[in-house]
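Worksheet: one structure, shown below.
Throughout, read-outs are computed from the coordinates displayed, never taken from laboratory work. Remember, it's a predicted structure, so these values are computed and weren't measured experimentally. Reconstructed Cβ throughout: ideal geometry from the backbone, glycine too, with neighbour counts over all protein chains shown.
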Amino acid sequence: MNYGITSHIDVAQIVLYAFWLFFFGLILYLRREDRREGYPMETEVSGKVHWDSAIWTPKPKFWKLPDGTMLQAPRAENIEPPLHGRRISRLDGAPYEPTGNPLTEAFGPASYALRMDVPDKTGYGDDKIVPLRILSDMKVIDGDADPRGMPVVSGDGVEVGKVSDLWVDRSESLVRYYEIELASAGAARVLVPMQLATVVTWQLFDKIDRPYLRIRSLKSAQFDSVPRTKSTIRVTRLEEDMISAYYAGGEFFNVRAQPAGSL
């Protein structure tokens, strides 16, 4: 007599059911975890936030940051700036269009996250990004063009100020921002990301007869609205995001969205 368990049980069918259960549990776990931070838990059409869902909201986890503060995720507070735009249709996935100035209202390419309003730190606990004027162990390499003192020219060809300093990343030993002293707005100083500015030293067809810093992302009238830093010697993570977003918005709305040759 054959007493083998396989003679009475369909092993292949049991394995299939076990796989289905495992796969269902995996999908449920992933769908809960992807809502831990940054996932849009709101309905597109109604805007209702599904924060307290017993099924889809995972139990919070806590992280202790290097500065001693505790971070919880998920968390109920909003981690994004308010959206200043309107849907062109009530259909799911319909695009938005700006309702005001897209550079200052965190819209589209100019959007940013509400990061912690504290400076980024090096592994030694020092401020990571600082102006060159407070550092004694860094300088512009010999032979390279030093932008400090150069005039700054906007995308519409107007001289808006001059380069007053360079903000460097101590960890990477490279320039992150140019500091610009504006000719208007009470000689206010603003930062511009290094990647969105060009040092021009060849003046074959230019109107300006000396080296200058060109920022094509912004027009002259838009520099007064560049987000400021609270401190003159440090920049916070939130300020970095807001500054970079402002210029990124200008790069798109002023340059990419315009016909060729309009600037």
Using a cut-off of under 18 Å, list every residue of the stretch 146-162 whose amide N is near the label point 7 Å from the Cα of LYS139 along the Cα-to-beta-carbon line.
146-149
Which order do peptides 235-247, 166-178 fall in by mean Cβ count within 10 Å, highest first?
235-247, 166-178
The stretch 102-201 - convex hull of the alpha-carbon atoms, volume per residue in Å³
147
Given a Förster distance of 25 Å, report the FRET efficiency between THR99 and ASP156 from their Cβ-Cβ distance, rounded to the nearest 0.05.
0.55
